[in-house]
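Here is the structure we will look at, set down as structure tokens.
The values are calculated or read from the model by the stated rules, or taken from the named source; none is laboratory data. Since this is a predicted model, take the numbers as computed values, not measurements. Ideal geometry is used to build each Cβ from the backbone, glycine not excepted, and the neighbour counts take in all protein chains shown. To get the accessible areas, we keep the full protein, side chains included, count just its heavy atoms, and leave off ligands, DNA and RNA. Shrake-Rupley method; radii C 1.70, N 1.55, O 1.52, S 1.80 Å.
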Amino acid sequence: PTGKSVCVEGYWLPQGDVPVIQPDKYILTLSMRRNLKDIGRIVSAGKLPILIKGETSVGKTSLIQYLATVSGNRCFRINNHQHTDLQDYIGSYQSDQSGKLVFTEGVLVQAMRRG
């Protein structure tokens, strides 16, 4: 975080360290604005976890990617499914080009390291 804030749907959110962009590929429908306002309220209150649940293709990921883009934050994404396991989040040992085993961090660890 840069110490700056960005106003999204009436709530001040911490500005990240990547450029703030107003994307033109999103159409802010009434329902998207309502959802942005709800999430903005939670994010502005502090570092609280948020669970977003819904049917496939209703816009959950797009909503979060939009929010990250307009607030200058990075978005790390992982799709959860019946085969998702702890290694997807934490990381695992994998062989590099020379065949040597090296630890590759998972998306959760990467996100935590980068705030």
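If the condition is being open to solvent by 90 Å² or more (accessible area, probe 1.4 Å) and either among the hydroxyl-bearing types (S, T, Y) or in contact with a strand residue (DSSP E or B) (Cβ under 9 Å, 6 or more places away or on another chain) (or both), then the range 106-115 contributes only R113.
Restricting attention to the range 65-105, the residues that are open to solvent by less than 100 Å² (accessible area, probe 1.4 Å) and in contact (Cβ under 8 Å) with a residue 24 or more places away in the chain add up to 10.
I'd like the full set of residues that are under 10 Å from the mean Cα position of the chain (by Cα) and within 22 Å of R113 (Cβ to Cβ), limited to the range 62-83. If the condition is that a residue be under 10 Å from the mean Cα position of the chain (by Cα) and within 22 Å of R113 (Cβ to Cβ), then I64, Q65, L67, A68, T69, N73, R74, C75, F76, R77, I78 are the ones that fit. Among the residues of the range 25-34, those identified as open to solvent by less than 70 Å² (accessible area, probe 1.4 Å) and not aliphatic (A, V, I, L, M) are Y26, T29, S31.
With respect to Q22, is the statement that it is open to solvent by 60 Å² or more (accessible area, probe 1.4 Å) and touching a residue at least 40 places away in the same chain (Cβ under 8 Å) true? Yes: the conditions hold for Q22.
The set of residues from the range 23-37 being under 28 Å from R113 (Cβ atoms) and modelled with pLDDT of 90 or more comprises just one member, L36.
With respect to being in contact with a strand residue (DSSP E or B) (Cβ under 8 Å, 6 or more places away or on another chain), farther than 20 Å from V107 by Cβ and of a type in the set (G, A, S), G40 fits the description. Checked against (1) out of contact with any strand residue (DSSP E or B) (no Cβ under 7 Å at 6 or more places or on another chain); (2) over 18 Å from Q65 (Cβ atoms), I27 passes all but a single condition, namely (2). How about the range 38-61: which of its residues are assigned to a loop (DSSP other than H, G, I, E, B), open to solvent by less than 60 Å² (accessible area, probe 1.4 Å) and within 20 Å of R114 (Cα to Cα)? Across the range 38-61, the qualifying residue is only G46.
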